[in-house]
1. State which residue pairs qualify: first residue among the basic types (K, R) and inside region B:389-404, second residue surrounded by fewer than 24 Cβ atoms within 10 Å (Cβ to Cβ) and in a strand (DSSP E or B) in any location, beta carbons under 8 Å apart, and separation of 6 or more residues or different chains.
2. Restricting attention to region B:220-230, which residues are touching a Leu at 6+ places or on another chain (Cβ under 8 Å) and either at the interface with another protein chain (Cβ under 7 Å from one of its Cβ atoms) or basic (K, R) (or both)?
3. Of all residues in region A:114-129, how many are of a type outside the set (V, I, T) and part of a strand (DSSP E or B)?
4. Quick one: count up the residues across region B:53-85 that are assigned to a loop (DSSP other than H, G, I, E, B) and touching a strand residue (DSSP E or B) at 6+ places or on another chain (Cβ under 8 Å).
5. Quick one: in region B:130-188, of everything that is within 14 Å of another protein chain (Cβ to nearest Cβ) and in a strand (DSSP E or B), which residue is farthest from B:F374 (Cα to Cα)?
6. Within region A:228-258, track down each residue that is part of a loop (DSSP other than H, G, I, E, B) and touching a strand residue (DSSP E or B) at 6+ places or on another chain (Cβ under 7 Å).
7. Looking at region B:86-113, which of the residues that are part of a loop (DSSP other than H, G, I, E, B) and surrounded by fewer than 19 Cβ atoms within 10 Å (Cβ to Cβ) is nearest to the chain's Cα centre (by Cα)?
8. Determine which member of the set B:A198, B:A214, B:A184 is outside the structural domain of B:Y347 (by TED's automatic domain parsing), in contact with an Asp or Glu (Cβ under 6 Å, 6 or more places away or on another chain) and crowded, with 23+ Cβ neighbours inside 10 Å.
Number of protein chains: 2
Amino acid sequence: MTQHDHEPAAVSRRRLLGSVGAAGAGGLALGAVGGAAAHAAAQGEGGEPALATVGSTRVPFHGVHQPGITTPLQAYGHLVAFDLAHGAGRKEAAALLRRWSATARELMEGSTSVHGTDVARDAGPCSLTVTFGFGRGFFSRTGLKDRLPVQLAPLPEFSADALDQDRSGGDLWVQIGANDGLVAFAALRALQRQASGAARLRWHMSGFNRTPGATDRPRTVRNLMGQIDGTNNPKPSEKSFDRRIFVPHPAPSGSEEWMAGGSYAVLRRIRMLLDDWEKQPTHEQEKVIGRHKSDGSPLTGGGEHTDPKLSKRTADGSPVIAADAHIRVAAPESNDGAAMLRRSFSYHDGFREDGAPDAGLLFVAWQADPLRGFVPVQRKLDRGDALSRFIRHEASGLFAVPGGARRGEYVGQRLLES
Amino acid sequence: MTQHDHEPAAVSRRRLLGSVGAAGAGGLALGAVGGAAAHAAAQGEGGEPALATVGSTRVPFHGVHQPGITTPLQAYGHLVAFDLAHGAGRKEAAALLRRWSATARELMEGSTSVHGTDVARDAGPCSLTVTFGFGRGFFSRTGLKDRLPVQLAPLPEFSADALDQDRSGGDLWVQIGANDGLVAFAALRALQRQASGAARLRWHMSGFNRTPGATDRPRTVRNLMGQIDGTNNPKPSEKSFDRRIFVPHPAPSGSEEWMAGGSYAVLRRIRMLLDDWEKQPTHEQEKVIGRHKSDGSPLTGGGEHTDPKLSKRTADGSPVIAADAHIRVAAPESNDGAAMLRRSFSYHDGFREDGAPDAGLLFVAWQADPLRGFVPVQRKLDRGDALSRFIRHEASGLFAVPGGARRGEYVGQRLLES
């Protein structure tokens with residue numbers, strides 16, 4: 001089993017301890033309603049009850065994996081792609097990754113000594129995570145074409161795609177998450193400034209999720225269709241989790257060391273046709289998904305985490321979960337066990353000319369190999385998913401996310417300096 | 001003294017009580033790190049310590065004033081303007097305000113029974129507030145031109161304005177705030193759907209602020225320049241607060257009953273030229289503002305809430321707080337005591353073509369009369385504020401915000417039905 005060291009740690013900075021500590025003997029109980037870590041504790045998922053607040057929770061930068069993959073979803077997210085600047089090559093890319101890694105580490109520790117991050121002052125680390133990935137272009141621009149992983153082969157075209165190339169792809173990808181909007185913004189701006197000269201911003205998307213403490217249903221996320229999302233995600237406690245989500249580490253002989261403990265991220269900006277969706281009565285929406293809207297339970301009964309009985313039929317012989325229901329088509333059983341860890345943000349970029357919201361899901365899926373994760377599932381969904389009528393895939397990205405940096409190392413160093 | 005009944009109440013819904021109640025005797029202490037209300041309690045500003053979490057905090061809809069004016073700033077905000085539809089008049093406007101008020105009340109209570117608000121399911125009310133205002137056009141469209149308040153006279157043009165009319169003005173204005181992004185989105189969508197036929201969306205802006213619990217400095221807000229903002233705001237505990245911020249209530253004889261307890265909101269979308277700003281060393285930024293960046297204390301010494309000594313001079317005779325420092329030019333002492341309650345959200349709508357962030361402040365100022373609040377202060381700032389070099393006013397709005405609805409009443413009823 002991998003050490004999942006990016007679960008948030010309950011590390012309080014001195015001045016946060018000042019106020020939290022004042023609660024004295026109530027301290028342990030306090031954790032029970034604090035933040036993400038506290039929720040996990042209340043659930044018995046995170047070990048000991050944590051003396052944490054939304055602000056003081058810190059996620060470590062160094063580790064076997066990069067942060068932001070198994071870290072609980074934060075309330076604010078930025079996804080941003082950069083292209084290496086004209087004339088910038090391997091040397092400039094290495095220097096950039098070194099700067100970026102140092103800054104990410106400092107900010108994730110709650111430091112605001114990096115120039116121009118005063119916005120984050122007064123706040124704790126707020127579960128900030130920064131995750132770096134490389135697109136196909138990164139390898140050609142840095143003269144490392146021979147090191148390009150086969151897993152970065154372009155995604156197939158899907159019939160329902162309507163992709164905006166200006167918001168797709170990119171040499172470098174950065175995922176930022178935090179439970180405070182100002183902390184997330186400070187990280188985004190600091191990284192953008194430090195890119196100056198070496199890389200320029202290609203596209204930027206921002207999203208959000210439930211605020212820790214807003215619900216007493218920990219880790220249950222609803223998307224903008226109102227549907228509970230991610231129920232069937234593989235769980236770190238499952239034996240197959242590491243194999244499906246992460247590239248093996250230590251690297252087996254003959255394989256690239258820099259990707260050991262890494263993962264491949266597929267990004268899809270999926271706009272939801274909410275005006276159409278909301279016109280459907282609840283039972284029609286439930287038929288499309290295959291789950292009850294209220295609690296996420298499958299139409300075949302049980303609770304949110306009960307396995308759907310895909311073969312169950314009604315008295316008249318029709319399947320209870322329809323042939324084109326989203327959960328049937330996407331189910332690992334329907335896709336040779338293909339699985340990915342979905343960790344998405346909702347987005348809402350205002351309204352379109354016709355008054356419809358420009359809103360949906362910044363879908364992010366993590367897997368050891370997209371050909372055994374996203375690709376086969378999306379092939380199925382593309383052809384037969386009842387949900388397709390209500391969504392549009394408008395942007396796409398595929399990035400190699402190196403293993404976590406060791407102490408004294410920067411992300412990607414084992415690729416760029418060997 | 002007015003009853004400030006829109007301070008958040010610590011009302012837990014049954015299922016939230018389920019988890020919070022489990023903490024038993026630790027309950028009162030729990031409030032001390034919970035949410036906005038809890039912070040107020042820790043400060044002794046809000047009376048008794050509250051048994052509240054970010055999710056369970058509820059702000060009452062009914063009251064002398066509308067909610068969202070003295071309510072502590074929430075983490076997520078939407079500002080949205082509607083124009084009455086062609087052919088819609090007083091009757092349609094009244095029906096719309098009746099629908100909107102009912103929905104706002106239900107959602108603020110944490111109900112998700114309104115169609116299409118499943119997005120907010122599982123979450124508590126999360127300090128949701130909905131505030132309604134009327135622009136000049138509202139009065140002509142509803143045949144109520146003779147009831148147009150003199151306070152809605154168009155704002156003067158300021159020399160530095162670069163206003164986008166498509167994102168300015170509007171017949172109706174709605175301000176939504178909540179400590180959860182999905183709860184805020186649910187409210188926005190519900191109100192938009194209910195406007196259908198009667199009004200159409202004119203513009204929409206969304207913003208954010210610090211997440212409750214992200215900092216142990218309650219009510220201290222930083223803007224995207226990294227500066228502590230709102231320090232010199234009038235405080236409800238001050239004797240002059242009501243007179244400056246709210247229209248008198250009950251209505252003095254001869255004055256309009258519907259505005260009793262109401263207020264006037266000035267909105268300015270202020271883009272910050274962050275690339276230029278961040279190039280300035282900290283001491284230059286502090287000279288522009290007149291305060292220390294770290295803690296918001298005036299350059300003349302003390303803490304954040306120490307009064308600046310505007311007449312203090314250095315040994316060589318120059319003023320310690322420069323003649324064009326933002327806090328000097330904006331100070332009530334420099335403006336015949338003019339004061340407004342600033343309650344702004346930061347915004348970040350991605351990046352412009354040149355890579356500069358489209359980001360800044362959704363400045364919202366509340367006052368009993370804009371001619372004794374925003375207008376004289378902005379006149380001064382427009383001419384002599386050192387900060388002007390780093391900001392652009394890009395949109396503007398002025399709205400009459402009626403007094404709060406009584407039980408059984410909707411917002412604006414005393415205008416529309418008398």
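1. Correct list of pairs: B:R392/B:I270; B:R392/B:R271.
2. Within region B:220-230, B:R222, B:L224 meet the criteria.
3. Kept after step one, since they are of a type outside the set (V, I, T), are these residues of region A:114-129: A:115-116, A:118, A:120-128.
After this cut, where a residue has to be part of a strand (DSSP E or B) as well, the list is A:123.
Result for region A:114-129: 1.
4. Number satisfying all stated conditions: 16.
5. B:A178
6. Just the residues of region A:228-258 that are part of a loop (DSSP other than H, G, I, E, B), to begin with: A:230-240, A:246-256.
Listed by number, the residues that qualify are A:G230, A:N233, A:P234, A:F246, A:V247.
7. Looking only at region B:86-113, we keep the residues that are part of a loop (DSSP other than H, G, I, E, B), and these are B:86-89, B:109-113.
Add one more test, that the residue is surrounded by fewer than 19 Cβ atoms within 10 Å (Cβ to Cβ), and what stays is B:86-87, B:89, B:109, B:111, B:113.
Numbers: B:H86: 30, B:G87: 31, B:G89: 28, B:E109: 20, B:S111: 24, B:S113: 27 Å.
Going through the qualifying residues, I end up with B:E109.
8. None of the other options fit; the residue is B:A214.
The values are calculated or read from the model by the stated rules, or taken from the named source; none is laboratory data. Fair warning: this is a prediction, and the values are worked out from it, not measured in the lab. Ideal geometry is used to build each Cβ from the backbone, glycine not excepted, and the neighbour counts take in all protein chains shown.
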